[in-house]
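In what follows, a single structure is set out as structure tokens and then discussed.
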Amino acid sequence: MKYSLLICSFILMLFSCKKAEKEALETVVSTKIVNFKTLTGVEDLLADTESVAVMVTRSIVLRDPLKIELSGTKEVKLMNFTLKTIRNIQVFVKLAGTGERVALLKIDSITPLVTFQLPLSIVDHEEQLYTESGQLITLAKQTDLSKAVFSVVVDDPFYKRLNAMKIPWRLNFRKSQEDVGNWYRMNPLHARESLVMFTNLAYLFSQESTQTGFMAYEGLTANDGTLLSEEKKSAVYRDILTRANIETGLVRNVSGLGGGNLVAVAEYVMMRHYNKNAEEVLVHELGHALGFGHSSNMTYASNSKAFHLAMRPLINKMLTDREYPYWDYRMLNTYNKYIDMTGDYLREGKKPNGDRHNPTKYEY
Ligand SMILES: [Zn+2]
């Protein structure tokens with residue numbers, strides 16, 4: 001290694017002596033690296049202080065939770081909805097009418113749930129940059145990026161696991177947030193915990209072993225009580241795998257609500273999704289979203305058979321093996337927090353005076 005480095009520097013020196021200075025510089029063009037710790041203007045996403053009006057505009061693709069978009073004319077805005085720090089982020093641009101993406105810069109790391117802007121130097125001057133396939137090009141100064149497409153590639157083991165999920169679900173929060181009927185207002189703690197719960201759910205159903213387990217489980221019934229055929233089960237699973245949107249909220253009076261794209265649970269369910277054998281409500285509501293009513297055991301069990309019982313051993317294994325993207329309740333520690341800024345608080349966890357509302361037991 002040391003030997004080859006010596007050779008490289010020797011060759012480079014020769015180049016510097018014999019060739020024009022500009023050409024020698026081309027051999028050492030390196031992609032700009034942004035050090036996250038030096039950035040200013042970094043803001044939190046889904047923080048406790050985030051207003052409900054802003055919270056309900058959040059929209060998160062669970063398998064690709066780092067968003068990037070043009071902001072104004074000279075900057076890009078990044079929004080990271082992962083709950084773990086990610087590393088090695090490469091930012092690309094594809095200009096209108098061009099074939100290949102061009103690497104603009106790299107970011108060393110991004111912490112969980114943050115947003116920030118980065119200036120684009122290509123709007124100020126011509127630049128030498130690499131295309132995705134490694135070709136060095138000279139990019140002219142850009143005057144209009146409105147049709148440019150920005151994207152990111154994250155070379156991080158955790159992020160790659162999210163990226164590898166088959167399920168394309170985009171998670172949204174109900175626009176209407178009021179204490180009315182069976183609905184409670186969500187606060188940002190619920191939104192963060194929902195993000196964890198649905199990421200894990202998408203991860204579960206993205207696994208080949210889950211599909212195999214579902215197909216092999218016998219005794220699942222349709223709304224008319226007849227057994228689901230192989231074809232029907234395949235169609236149900238295809239629905240899980242191809243659905244674009246999942247909407248969630250927070251319910252009261254009942255344990256959960258589901259139907260259409262809506263899958264919502266009560267706070268006590270949301271606080272306990274890290275527990276083994278605690279999948280019943282969530283999977284029941286997913287069953288509703290998949291078009292099944294209470295006469296089908298895709299919701300409630302009948303004759304000890306149910307959708308959630310088919311999933312139970314698989315979910316328990318995810319928890320035991322710590323295979324879920326987010327398996328540890330201590331990461332968010334939602335249950336041990338409360339919100340007092342709006343007079344609101346976490347109904348399941350601690351009261352403002354430190355007392356508990358309801359004891360929740362976590363088992364590992
Ligand atoms: Zn139900």
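Taken together, the values in this text are just the output of simple stated rules run on the coordinates, not laboratory data. The model shown is predicted, which means the values in this text are computed figures rather than measured ones. All Cβ positions, glycine included, derive from the backbone under ideal geometry; neighbour counts span all protein chains shown.
Which length gain, in nm to one decimal place, applies between Asp155 and Ser59 when the Cα-Cα distance is subtracted from 0.36 nm times their residue separation?
Roughly 32.3 nm would be gained on extension.
Work out, step by step, the length gained on full extension between Asp179 and Asn353: first 0.36 nm times the residue separation, then minus their alpha carbon distance; give nm to one decimal.
60.3 nm
Between Ser302 and Lys147, what FRET efficiency comes out of the Förster formula 1/(1 + (r/R0)^6) with R0 = 45 Å and r the beta carbon distance, rounded to 0.05?
So, using R0 = 45 Å, E works out to roughly 0.20.
Just grab the label-to-label distance for Lys37 and Thr138, each label 7 Å out from Cα along the Cβ direction, in nm (one decimal).
Placing both labels 7 Å beyond Cα along the Cβ direction yields 3.8 nm.
Could you state the number of Å between the C-alpha centres of segment 127-154 and segment 297-323?
The two parts, judged by their Cα centres, are 47 Å apart.
Dividing the convex hull volume of the Cα atoms of segment 252-364 by its residue count, what figure in Å³ per residue is obtained?
129
State the extension gain, in nm to one decimal, for the chain segment bounded by Thr49 and Arg170, taking 0.36 nm per residue of separation less the distance between their alpha-carbons.
Stretched fully, the Thr49-Arg170 segment lengthens by 41.2 nm.
In terms of the ratio Rg/(2.2 N^0.38 Å) built on C-alpha atoms, what value belongs to segment 30-163?
Ratio of Rg to 2.2 N^0.38 Å for segment 30-163: 1.07.
With a point put 7 Å past each Cα toward its Cβ, work out how far Arg252 is from Met331 in nm, to one decimal.
The modelled label-to-label distance comes out at 3.0 nm.
Just need the relative contact order of segment 30-163 here, percent rounded to a whole number, with Cα pairs under 8 Å and 6+ apart.
Here the relative contact order equals 31 percent.
Using only Cα atoms, figure out Rg for the chain and give it as a multiple of 2.2 N^0.38 Å.
For the chain, the normalised Cα radius of gyration is 1.20.
Can you pull out the GluC sites (Glu not before Pro) in segment 157-250 that DSSP calls coil and that have at most 10 other Cβ atoms within 10 Å?
Loop-located and lightly packed - Glu178, Glu218.
Kindly put Ile137, Ile240 in sequence by how many other C-beta atoms sit within 10 Å of each C-beta, fewest to most.
Fewest-to-most ranking of Ile137, Ile240: Ile137, Ile240.
By how many degrees, 0 to 90 and rounded to 10, does the Cα axis of helix 2-18 deviate from the longest principal axis of the chain?
Helix 2-18 sits at roughly 50 degrees to that axis.
So what's the angle, to the nearest 10 degrees on a 0 to 90 scale, between helix 230-242 and the longest Cα principal axis of the chain?
50
Run the numbers on the chain and let me know its relative contact order in percent, using alpha-carbon pairs under 8 Å that are six or more apart.
About 14 percent, as a whole number.
Please work out the FRET efficiency for the pair Ala244 and Ser71, using the Cβ-Cβ distance as r and a Förster radius of 35 Å; give the result to the nearest 0.05.
About 0.90, to the nearest 0.05.
Using 1/(1 + (r/R0)^6) with R0 = 41 angstrom and r between the beta carbons of Val123 and Glu208, what's the FRET efficiency to the nearest 0.05?
0.35
Relative to the longest principal axis of the C-alpha atoms of the chain, give the angle of the C-alpha long axis of helix 188-206, reported between 0 and 90° and rounded to the nearest 10°.
Tilt relative to the chain: about 90 degrees.
Which whole-number value in Å³ per residue fits the convex hull of the alpha carbons of segment 156-310?
About 118 Å³ per residue, rounded to a whole number.
So for segment 205-364, averaging the separation of alpha carbon pairs under 8 Å that are six or more residues apart and normalising by length, what relative contact order in percent results?
Relative contact order comes out at 20 percent.
Going Cα to Cα from Lys32, which lysines come in below 27 Å? Please leave out same-chain ones fewer than 8 positions away.
Cross-link targets: Lys2, Lys19, Lys22, Lys67, Lys74, Lys77, Lys84, Lys94, Lys106, Lys141, Lys147, Lys160.
If packing is taken as the mean number of other Cβ atoms within 10 Å per residue, what is the order of 151-160, 346-355, highest first?
Peptide ranking by packing, descending: 151-160, 346-355.
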